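Report on the following structure.
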Amino acid sequence: MITDYSIQAVAINAIPLIFAITIHEAAHGYAARKFGDNTAYMLGRVSLNPAKHIDPVGTILLPLALILMQSPFLIGYAKPVPVNFGRLKNPRIDSIWVALAGPGSNFFQALIWLILLILLMGFRIDEKFLISMSQAGISWNLSLLVFNLLPIPPFDGGRVLSGLLPTRQSLALDRLEKWGFYIVLGLMFTGIISNLWMAPLMSFFQWLILLLTSPLQMIF
């Protein structure tokens, strides 16, 4: 939990959060371009420039509100990358890969932050700023990974589920998109998402990145 609001503490959390959100959105645009849709690329959204992706509410206000409410999980979102699914080579299958690109980027970022943390600890580099930033990077990326995998449109998990369902059920799910954000807010405030979704999946992905880095941990 963040209790220190100094410039250093803000930087420790803001830097990995900005990277996490920026790379997440750029990954969606990059995947869409690879599968045939140049919409995001033409609009300059396949970019690592945070200004292209920051949403005032999702990137700034929502995380700040959760901090002030002492939420056990910190989440946020950026401006969605525009994707014209009709331009994809195989819309039904390719849309799944485009949706997974964002959470996938958060998984690999969490893995990189963990590797950095292991190296810092292993070489006994007592740099508290980098150690704290690495820990924040792991937390932010795993939170964004799990949150975006919610099987509710317009979240990435909803896109994946829509692509996997038969056409009739997929269309029914897609109709929930305009209400998706409000549904998630309601589930958040009742604690359902925290207890039944975030907590178990966060634990799973924490276990997975620890497993993947176990050879490096054994060296030290």
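Bear in mind these aren't lab numbers, they're just calculated from the coordinates by the rules spelled out. Remember, predicted model here, so these are calculated numbers, not experimental data.
Brief remarks follow.
- Globularity index of the chain, i.e. its alpha-carbon radius of gyration over 2.2 N^0.38 Å: 1.05
- Spatially close lysines, pair count over the chain: Cα under 22 Å, gap of eight or more or interchain: 5
- Scattering from segment 13-107 was approximated by placing one identical point on each alpha carbon and applying the Debye formula without solvent; log10 I(q)/I(0) at 0.13, 0.14, 0.18 1/Å stands at -0.45, -0.51, -0.77.
- Each stretch of four or more DSSP H residues adds -39500 (n - 2.57); spread over every residue of the chain, this sum gives -21000 deg cm²/dmol at 222 nm.
- Working note: Cα gyration tensor of segment 91-152, eigenvalues times five, square-rooted, sorted largest first, giving semi-axes of 31, 11, 6 Å.
- Using bins of 10 Å that start at zero, the share of Cα-Cα pairs per bin across segment 157-214 amounts to 20, 31, 34, 14, 1, in whole %.
- Remark: relative contact order (segment 74-140) = 33 percent; criterion is Cα-Cα distance under 8 angstrom and separation of 6 or more residues.
- The mean sequence distance of close C-alpha pairs (under 8 Å, at least 6 residues apart), as a share of the length of segment 38-192, puts its relative contact order at 18 percent.
- Panel note: the C-alpha atoms of segment 10-56, placed on their principal axes, show extents of 39, 16, 13 Å (largest first).
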